[in-house]
1. Taking Cα pairs under 8 Å and at least six residues apart, what relative contact order does the stretch 155-264 come out at, in percent?
2. 222 nm [θ] for the chain, helices only, -39500 (n - 2.57) per DSSP H run of 4+, per residue, to 500?
3. With labels modelled as points extended 7 Å from the Cα through the Cβ direction, what inter-label distance (nm, one decimal) is found for residue 94 paired with residue 31?
4. Among 145-153, 118-126, 64-72, how do they line up by average Cβ neighbours within 10 Å per residue, starting with the highest?
5. Using only the alpha-carbon atoms, how far is helix 195-214 inclined from the longest principal axis of the chain? Give it as 0 to 90 degrees, nearest 10.
6. May I ask for the distance between the Cα centers of the stretch 120-194 and the stretch 1-46, given as a whole number of Å?
7. Report the relative contact order of the stretch 85-175, percent, no decimals, based on alpha-carbon pairs under 8 angstrom and at least 6 residues apart.
8. Would you look at the GNM of the chain, springs on alpha carbons closer than 10 Å, and say which of 193, 154, 258 moves the most?
């Protein structure tokens, strides 16, 4: 019997709803606790050990790959548009790459993906600075502004006149690879302490994901009510997201890590370490 419940982080964004919407929390009464936070807070909680498992920024896994393992078949990924990681800009990207970019500080993966795109593919070295997710204020001080999650979605609906680049689409265009923005990670010590409970939680996540993908009606209604927009928008949004995490996604994430390492954004080149109920599989060096 565990001394305390397993603490599961939950990102406070619509992009994880297909995995969490039908998650049977009541099945685990007293054995787990859901913690709702933005990605940066969950990344920090996982690193400190106050969070045991759940979706974190892929980049945060790269920083702690020796401490974490990844659940297969669970991620927030895209083959092209992700619709919630958006760069707003007035000028072409070639000029933005030499300019000033305002960043939100809530997601390490998106910020570093932007740096990879600007510095590796556009040959620039922009000046970056952090700012709260207020598009008009950001653009008063910068040539471009990065917004993520529901802030990006709401801003994409506005008639602001800015060009909008979807970072998932741009990554796919330039590399021909998948992009995994968030991964389901588990602290190694949690796997060792509670292997049976971890396996049970994993199976419940997969069940929830299957139900969410089969019938997104409840998620769509909730999104319209809480975020705004139309049913048509949210049907398309959830349809374009992907929550798998198999070899195609592993390969895309490995390339992202390699570029991050080459640019000095990561100290080491992290392996992709995949959990299953019997062993840990290291699928990349």
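1. Taking the mean separation of contacting Cα pairs over the length of the stretch 155-264, I get 34 percent.
2. Theoretical 222 nm ellipticity from helices: -12000 deg cm²/dmol.
3. In this crude label model, residue 94 to residue 31 measures out at 5.9 nm.
4. Ranking, from highest mean packing down: 145-153, 64-72, 118-126.
5. 50
6. One Cα centre to the other: 23 Å.
7. Once normalised by length, the contact order is 46 percent.
8. Result: 193 has the largest fluctuation of those listed.
Every number here is computed from the coordinates shown, using simple stated rules; none is lab data. In this text, all values refer to a predicted model and were calculated from it rather than measured experimentally. Positions of Cβ are generated from backbone atoms using ideal geometry, with glycine treated the same way; all protein chains shown enter the neighbour counts.
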